[in-house]
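Asker: The following block contains the structure, expressed as structure tokens.
The values are calculated or read from the model by the stated rules, or taken from the named source; none is laboratory data. Quantities reported herein were computed from a predicted structural model and do not represent experimental measurements. Heads up, the Cβs are rebuilt from the backbone with ideal geometry, glycines too, and the neighbour counts pull from every protein chain shown. Heads up: the accessible areas ignore ligands, DNA and RNA and are worked out on the full protein's heavy atoms, side chains in. Shrake-Rupley method; radii C 1.70, N 1.55, O 1.52, S 1.80 Å.
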Amino acid sequence: MNEQLVLEVNDLRTQFGSGPGCVHAVRGVDLKIKKGEKVGLVGESGSGKSALALSIMGLIGPAGQVSGGTIAINGQVIDQQDERQMSQIRGANISLVYQDPMAALDPVWTIGGQMGEAIRRHNRRISRAALRARIVELLRAVEVPDAEHRLNSYPMQYSGGMRQRVLIAMAIANEPELIIADEPTTALDVTTQAQVLDLLQRLADSHDTAVLLVTHNMGVVAQFCDRVMVMYAGRIVEEAESRALFAHQAHPYTEALLKAVLHPDRLPEGRLPSIPGTPPPLHQLPVGCAFAARCPQRGEPCTALDPQLIELSDVGYSGGAACHFSRQRVVDRRTERGNAP
Ligand SMILES: Nc1ncnc2c1ncn2[C@@H]1O[C@H](COP(=O)(O)OP(=O)(O)OP(=O)(O)O)[C@@H](O)[C@H]1O
């Protein structure tokens, strides 16, 4: 069955600056998201996750540029230069939930006013009464108590968790097919994080909305995502169904990330746990695999040839990886397990 793709990104490239100091933040990323699917995008700080998310939204800003590739939404290739088309798509087809609700909300505008504007942007003809009813309905959907009155409050009068709920309400207002949530709970305490994620999950499920969740937190990915994409130095180095990836990792970088999670003493607050070494600078990438210098399993080809992401379903792994030794790793592991299912 050919399931409906809400997003298809091919060979996307994004850079900041030009010339010798040019930062290649996204280096040929392919990404497919099906209707209702929840996909996690993980990777260390600076790996290009936000640059990828913002590129898809057409919000990379004046400092950067999408220098190659295509983006299709619901099967239709979009023109990132066409700001009119992009502003139609933003909110209606794809919504973004930011990390910091205070930065995303206008402090001197009521919550109801801002939500109303988000709705009216894609529905100019809505009556005042219908608009108010929709705002209340949305605030109730994200479990803001006393919604009829709280819509007149300002962002400062909401708690951090409530503000993030408001952003989620604004993101779902026009029933987009895809929500991109960039570290949506990083600024919140652990209990509130869990509540907000649970809410996002329930709302997405009830509307069959796809979610691309950008996060440092592997635990969140395990709980929330059907599929995981692991980004390293501007590339997707592993992509797999969550269950497969958490059971066995086809890329040594993913393995190192998960091993590090098991060492809470190495867990800096709100960040991915560190693994030895640092990623290469994105303006000065090495020849061969970008992870080679940190890889405990590197071999002969790694410092000479840049590995491409290859599918591994033929050897029983529901995913793929960009490592010269991934196929061998998967095969060896299967042999170790005596080909157990
Ligand atoms: N406005 C900018 N100008 C110049 N370089 C930038 C800009 N924004 C991002 N970069 C660079 O692009 C690369 C990717 O950054 P990006 O923010 O996408 O990483 P990230 O994986 O989202 O990191 P984090 O998890 O810390 O948010 C980094 O090298 C970063 O320094």
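Asker: Filter the stretch 105-122 down to the residues that are among the hydrophobic types (A, V, I, L, M, F, W, C) and not in a helix (DSSP H, G or I), then identify the one that is most open to solvent (accessible area, probe 1.4 Å).
Answerer: Across the stretch 105-122, the extreme among qualifying residues is V108.
Asker: Does at least one position in the stretch 48-58 carry a residue that is within 16 Å of the ligand (Cβ to nearest atom), in a loop (DSSP other than H, G, I, E, B) and over 18 Å from P279 (Cβ atoms)?
Answerer: Yes, the stretch 48-58 has at least one match.
Residue by residue, here is whether (1) charged (D, E, K, R); (2) within 20 Å of S206 (Cβ to Cβ); (3) open to solvent by 70 Å² or more (accessible area, probe 1.4 Å); (4) out of contact with any helix residue (DSSP H, G or I) (no Cβ under 9 Å at 6 or more places or on another chain) holds:
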site	(1), (2), (3), (4)
R124	yes, no, yes, yes
V136	no, yes, no, no
L139	no, yes, no, no
N152	no, no, yes, no
Y158	no, no, no, no
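Asker: Quick one: D208 ticks every box in (1) closer than 23 Å to I119 by Cα; (2) away from the ligand (no atom under 16 Å from the Cβ); (3) open to solvent by 20 Å² or more (accessible area, probe 1.4 Å); (4) in contact with a Ser or Thr (Cβ under 9 Å, 6 or more places away or on another chain) except a single one, so which number is it?
Answerer: Of everything listed in (1) closer than 23 Å to I119 by Cα; (2) away from the ligand (no atom under 16 Å from the Cβ); (3) open to solvent by 20 Å² or more (accessible area, probe 1.4 Å); (4) in contact with a Ser or Thr (Cβ under 9 Å, 6 or more places away or on another chain), D208 misses just condition (4).
Asker: I've got another one for you. Within the stretch 21-42, how many residues are open to solvent by less than 20 Å² (accessible area, probe 1.4 Å), within 14 Å of the ligand (Cβ to nearest atom) and touching a Lys or Arg at 6+ places or on another chain (Cβ under 8 Å)?
Answerer: 5
Asker: Quick one: is S95 touching a strand residue (DSSP E or B) at 6+ places or on another chain (Cβ under 8 Å) and either crowded, with 21+ Cβ neighbours inside 10 Å or within 23 Å of A204 (Cα to Cα) (or both)?
Answerer: Here the answer is yes, as S95 does meet what is asked.
Asker: Out of D100, D82, report the one residue that is open to solvent by 10 Å² or more (accessible area, probe 1.4 Å), farther than 20 Å from N10 by Cα and at pLDDT below 90.
Answerer: Of the residues listed, the single one that is open to solvent by 10 Å² or more (accessible area, probe 1.4 Å), farther than 20 Å from N10 by Cα and at pLDDT below 90 is D100.
Asker: Please go through the stretch 220-236 and pick out each residue that is within 16 Å of the ligand (Cβ to nearest atom) and open to solvent by 10 Å² or more (accessible area, probe 1.4 Å).
Answerer: Those that are within 16 Å of the ligand (Cβ to nearest atom) and open to solvent by 10 Å² or more (accessible area, probe 1.4 Å): V220, R235, I236.
Asker: Step by step: first the residues of the stretch 160-194, then only those that are among the polar types (S, T, N, Q), out of contact with any Gly (no Cβ under 6 Å at 6 or more places or on another chain) and crowded, with 17+ Cβ neighbours inside 10 Å, then the one that is farthest from T215 (Cα to Cα). Which residue is that?
Answerer: Q164
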